[in-house]
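See below for the structure under consideration.
The values are calculated or read from the model by the stated rules, or taken from the named source; none is laboratory data. In this text, all values refer to a predicted model and were calculated from it rather than measured experimentally. Ideal geometry is used to build each Cβ from the backbone, glycine not excepted, and the neighbour counts take in all protein chains shown. These accessible areas exclude ligands, DNA and RNA; they are computed on the full protein's heavy atoms, side chains included. Shrake-Rupley method; radii C 1.70, N 1.55, O 1.52, S 1.80 Å.
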Amino acid sequence: MGAFILKRLFQAFIAVFGVLTFVFFLQRLTGDPVALLAPVNTTAEDLERIRHSLGLDRPLIVQYLDFLWGVVRLDLGRSLAQSIPVSDLIWSRLPYTLWLAVSSLVFALVLGVPLGVIMAVWRRHKLMAIPSTIVLAGQSLPTFWSGIMFILIFAVGLGWLPSSGARTPNSVILPMVALGLFSMATFARVMRTAMIDELSKDYIRTARAKGVPKNAMIARHLMRNSLIPLITMLALELANLLAGAAVVETVFAWPGLGQLAVQSIGARDFPVVQGVVLLGAVTAISLNFLADVLYGAVDPRIRVGRGG
Amino acid sequence: MALTDAESAPRFARLRWIWAPGNRKLVFLLILFALFILAAVFAPLIAPEDPFRQNLLGRLKPPGTTARGTFFLLGSDELGRDVLSRVLYGARISLAVAFSSVIASALIGVSVGMFAAYRGGIAEAVLMRLTDIILSVPGILIALIVVAALGPGMINVILVLTITRWPRYARVAYAQTLQLSSQPFVRLSKHMGSSTVYILTRHVLPNIIGPLAVVATLEFGLMILWEASLSFLGLGVQPPTPSLGNMLSGGRVYAASAWWIATIPGLVLFALIAVVNVMGDELRDRLDPKGR
């Protein structure tokens with residue numbers, strides 16, 4: 001297990017390094033990074049001064065190492081629009097995005113898992129068209145559109161919930177549902193497939209033959225084994241939710257990181273976009289690493305097979 | 001001389017398999033999808049109005065009204081443009097972006113995956129590690145940074161989608177090719193002196209096309225969704241060019257007073273993605289029974 005974790009950790013480290021390199025050279029690829037950083041109407045002398053003050057007239061390799069060193073010290077530069085450190089901006093927005101993503105994950109689990117179980121156990125029932133339709137809708141609804149529709153129905157029409165912002169505790173409900181529907185469909189599908197796989201196995205036939213009641217069999221045998229693929233998916237799905245929050249936050253004016261990034265692109269505030277993207281990428285890679293380790297921990301066959 | 005059934009049957013009867021009970025669902029879906037494509041391709045012929053023409057006296061007219069001599073079947077938007085015409089042109093953009101990015105990423109991904117599996121060694125290690133890295137970073141983040149650096153626009157959206165999605169095809173092609181390359185007919189062809197390119201395109205590719213088609217179909221739906229999301233955020237296709245995504249962000253402001261501006265493009269988007277997704281699931285059941 002130790003060697004397996006170490007190998008995965010090394011791979012995660014390489015991935016972070018790759019992302020940093022990509023972001024650094026993307027900035028340079030576009031020609032003049034100062035043009036990205038500076039306001040639109042800057043004179044040539046001012047550009048030269050900015051270039052010097054930012055150290056952009058140094059050799060590329062020095063700039064690259066300097067950039068890496070900055071990231072290691074968690075120094076992501078300053079916002080151009082608000083001239084405060086990018087890390088401060090990120091810290092003030094992070095709790096909102098985390099809160100939204102985690103509640104969406106819980107919502108998706110609470111609805112998706114039972115839905116998947118129902119779809120597997122009663123898969124030949126006439127009414128199965130209903131859960132299948134719910135799953136298809138969850139998979140195909142664009143989050144920004146369902147978000148707008150929720151606002152129209154529940155905020156504007158019925159007046160039950162606030163339409164935007166994060167001022168009251170129930171503000172999170174509409175964005176949570178809009179963001180969580182896709183993950184709910186994913187969980188339901190994974191759960192259904194895993195349960196159907198398990199249902200065809202010998203131990204289930206044995207359990208049936210010796211007369212284990214159906215509900216006990218589902219709870220004691222099926223659920224446990226089917227949860228393995230789900231547990232490992234949790235971390236990956238959380239990464240997707242954190243990233244997907246960008247769209248939902250824009251629809252609901254939710255003051256999180258996604259909204260910050262989208263607004264910063266509009267304001268041509270490159271350091272902020274870069275900071276949010278780097279944080280998101282590192283988080284996603286860490287969650288991937290966690291998923292791999294969890295997978296190895298839950299199912300020893302994986303580490304023997306892959307980790308060696 | 002006895003004729004076989006197929007030869008003796010009238011020409012149309014040979015096509016009867018199309019409407020066989022097992023195929024009905026897939027054929028129905030294909031017809032729906034074809035209708036979307038036709039509507040998009042022939043948008044200039046079908047659209048009742050010029051999608052760019054503003055009509056400020058006919059602003060925000062609900063569906064089915066006539067204003068200043070123009071009949072708005074699906075209403076007009078905040079600048080008095082015909083929503084129906086814009087939806088048709090928007091679907092055209094969605095489908096064009098989805099087709100281009102799926103084709104580009106499939107070409108790159110399949111070549112990389114087949115090559116890595118067949119060649120092995122360092123090429124395999126480096127290429128497959130690269131796919132892992134790209135797949136571990138959510139695509140929307142890559143999209144944000146690329147658009148922040150290169151600016152928004154349709155070409156950049158296709159570029160971003162290709163960069164982020166080719167590893168999906170590479171993974172599938174890799175796994176499938178790995179299974180095939182130890183098969184006798186592949187090894188035999190190699191011993192007979194066939195080149196790598198010949199073996200991969202003639203022997204391997206035809207045998208792995210099924211699972212790849214399934215991935216491509218499901219990816220197609222996802223690409224439509226992504227293009228719309230990026231355009232909605234203002235990072236994709238830029239107004240005044242209509243796209244289903246940017247129509248929604250324009251209509252969002254008027255959602256409370258003129259529901260149709262945001263609702264109609266969203267419905268079309270939802271229907272299109274749902275059709276593609278169900279089609280992908282159907283194909284998976286047929287072509288790739290093991291898949292997920």
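Ignoring ligands, DNA and RNA, what percent of the accessible area of chain B is carbon or sulfur (1.4 Å)? Show your work: numbers first, answer last.
Details: 9130 of 13690 Å².
With neighbouring chains kept in place, the figure for chain B is 67 percent.
For A:Ser83 and A:Leu68 in one chain, what is 0.36 nm times their gap in residues minus the Cα-Cα distance, to one decimal in nm? Could you put the intermediate results ahead of the total?
Details: separation 15, 0.36 × 15 = 5.40 nm, distance 2.14 nm.
In short, 3.3 nm is gained.
Taking the longest Cα principal axis of chain B as reference, the axis of helix B:154-181 is set at about 20 degrees.
In order along the range B:220-228, phi translates into HN-Hα couplings of 4, x, 5, 5, 4, 5, 5, 4, 4 Hz, rounded to whole numbers, per the Karplus curve 6.51 cos²θ - 1.76 cosθ + 1.60 with θ = phi - 60° and x for Gly and Pro.
Helical runs assigned H by DSSP (4 residues or longer) give chain A a calculated mean residue ellipticity at 222 nm of -24000 deg cm²/dmol, each run adding -39500 (n - 2.57) before division by the residue total. Considering the range A:1-121, its Cα convex hull presents a mean projected area of 12.9 nm². To the nearest ten degrees, helix B:121-136 and the longest principal axis of the Cα atoms of chain B are 30 degrees apart.
Interface residues of the range A:122-154, defined as a loss of at least 10 Å² in heavy-atom accessible area between the chain alone and the complex of all protein chains with a 1.4 Å probe, are A:Leu136, A:Ala137, A:Gln139, A:Ser140, A:Leu141, A:Pro142, A:Phe144, A:Trp145, A:Ile148, A:Met149, A:Leu152. Using the rule -39500 (n - 2.57) for each DSSP H run of four or more residues, divided by the residues of chain B, the 222 nm mean residue ellipticity is -22500 deg cm²/dmol. Placing unit charges on the Cβ atoms of the charged side chains and taking the dipole of the protein assembly as shown about its Cα centre, the candidate lying farthest along the positive direction among B:Ser189, A:Ile151, B:Leu222 is B:Ser189. Extending 7 Å from Cα along the Cβ direction at A:Asp75 and again at A:Leu29 yields two label points whose distance is 2.7 nm.
Mind checking the dipole of the protein assembly as shown: about its Cα centre, +1 per Lys or Arg Cβ, -1 per Asp or Glu Cβ, Debye to the nearest 20? Don't skip to the end; give the middle numbers.
Values: 51 positive and 31 negative charges, 428 e Å.
In debye, rounded to 20, the protein assembly as shown gives about 2060.
Of all aspartates and glutamates in the structure, the ones whose alpha carbon falls short of 13 Å from that of A:Lys210, not counting any fewer than 8 places away in one chain, are A:Asp202.
If only the Cβ of Lys and Arg carry +1 and only the Cβ of Asp and Glu carry -1, the dipole of chain A around its Cα centre is close to 1800 debye.
Spin-label model, A:Trp160/B:Thr201: points 7 Å from Cα along the beta carbon direction are separated by 5.9 nm.
Among A:Leu94, A:Leu161, A:Leu60, the largest mean-square fluctuation in a Gaussian network model of chain A, built with springs joining Cα atoms closer than 10 Å, belongs to A:Leu60. For the residues A:Val251, A:Val190, A:Val71, a GNM of chain A with alpha-carbon springs under 10 Å puts the largest fluctuation on A:Val71.
Mind telling me which of A:Phe22, A:Phe252, A:Phe150 comes out most flexible in a GNM of chain A, alpha-carbon contacts under 10 Å? With Cα springs under 10 Å in chain A, the top fluctuation among A:Phe22, A:Phe252, A:Phe150 is at A:Phe22.
Dipole magnitude for the range A:94-266: about 940 debye, using +1 per Lys or Arg Cβ and -1 per Asp or Glu Cβ, origin at the Cα centre. Cα gyration tensor of chain A, axes a ≥ b ≥ c as square roots of the eigenvalues: rounded (a/c below 1.5), prolate (a/b > b/c) or oblate? Oblate is the answer for chain A, as a/c is 1.5 or above yet b/c matches or exceeds a/b. Axis of helix B:139-150 versus longest Cα principal axis of chain B: the two differ by about 70°, to the nearest ten degrees.
Excluding B:Pro138 itself, calculate the net charge of residues whose Cβ lies under 13 Å from the Cβ of B:Pro138, where each Lys or Arg counts +1 and each Asp or Glu counts -1.
Numbers: positive: B:Arg165; negative: A:Glu237.
Combined, the nearby Lys, Arg, Asp and Glu give 0.
Projecting the Cα positions of B:Phe115, B:Ser105, B:Asn55 onto the charge dipole of chain B (unit charges on Cβ atoms of Lys, Arg, Asp and Glu, taken about the Cα centre) puts B:Phe115 furthest along the positive direction. Stokes-Einstein diffusion for chain B at 25 °C, viscosity 0.890 mPa s, with a Kirkwood radius from C-alpha pairs, works out to 113 µm²/s. Residues in the range A:211-220 carry Karplus couplings, in order, of x, 5, x, 4, 5, 5, 5, 4, 6, 7 Hz; the curve used is 6.51 cos²θ - 1.76 cosθ + 1.60 with θ = phi - 60°, and Gly or Pro positions show x. For the range B:228-248, a decrease in accessible area of 10 Å² or greater in the assembled protein chains relative to the isolated chain, with a 1.4 Å probe, applies to B:Ser229, B:Phe232, B:Leu233, B:Leu235, B:Leu248. Spacing of the modelled spin labels on A:Leu47 and A:Arg224, each 7 Å from Cα toward Cβ, amounts to 6.8 nm. Got a sec? Which residues of the range A:230-249 lose 40 Å² or more of accessible surface with every protein chain in place, vs. that chain alone, 1.4 Å probe? Residues of the range A:230-249 that lose at least 40 Å² of accessible area once the other chains are added: A:Ala243, A:Val247. Close amide H pairs (under 5 Å, H built 1.01 Å from N) link B:Ala67 with B:Phe72, residues at least 5 positions away or on another chain. Two tests apply to each whole DSSP H helix in chain A, Cα reach of 27 Å or more along its axis and mean Kyte-Doolittle hydropathy of at least 0.0, and the ones passing both are A:2-29, A:86-121, A:173-199, A:223-252, A:270-298.
Compute the accessible area per residue over the range A:94-266, keeping the other protein chains in place, probe 1.4 Å, unit Å².
Working: 7700 Å² over 173 residues.
Ligands and nucleic acids excluded, the figure is 44 Å² per residue.
The lysines within cross-link reach of A:Lys7, meaning a Cα-to-Cα straight distance under 30 Å and a gap of 8 or more places when in the same chain, are B:Lys290. Let a ≥ b ≥ c be the square roots of the eigenvalues of the Cα gyration tensor of the range A:123-208; is it rounded (a/c under 1.5), or, if not, prolate (a/b larger than b/c) or oblate? It is prolate, given that a/c is not under 1.5 and a/b is the larger ratio. For the range A:94-266, what class follows from the C-alpha gyration tensor (a ≥ b ≥ c being the square roots of its eigenvalues): rounded when a/c is under 1.5, otherwise prolate if a/b is larger than b/c, else oblate? Prolate shape, in that a/c is at least 1.5 and a/b is the bigger ratio.
Return the carbon/sulfur percentage of the accessible area of the range A:94-266, one whole number, probe 1.4 Å, all protein chains in place.
Details: 5100 of 7700 Å².
For the range A:94-266, the apolar C and S fraction of the accessible surface comes to 66 percent.
Of all lysines in the structure, the ones whose alpha carbon falls short of 24 Å from that of A:Lys126, not counting any fewer than 8 places away in one chain, are A:Lys214, B:Lys25. Semi-axes of the equivalent ellipsoid for the protein assembly as shown, computed as √(5λ) from the eigenvalues of its C-alpha gyration tensor and ordered from largest down, come to 39, 34, 28 Å. When A and B come together, around 3500 square angstrom of accessible surface is lost from both chains combined, probe 1.4 Å.
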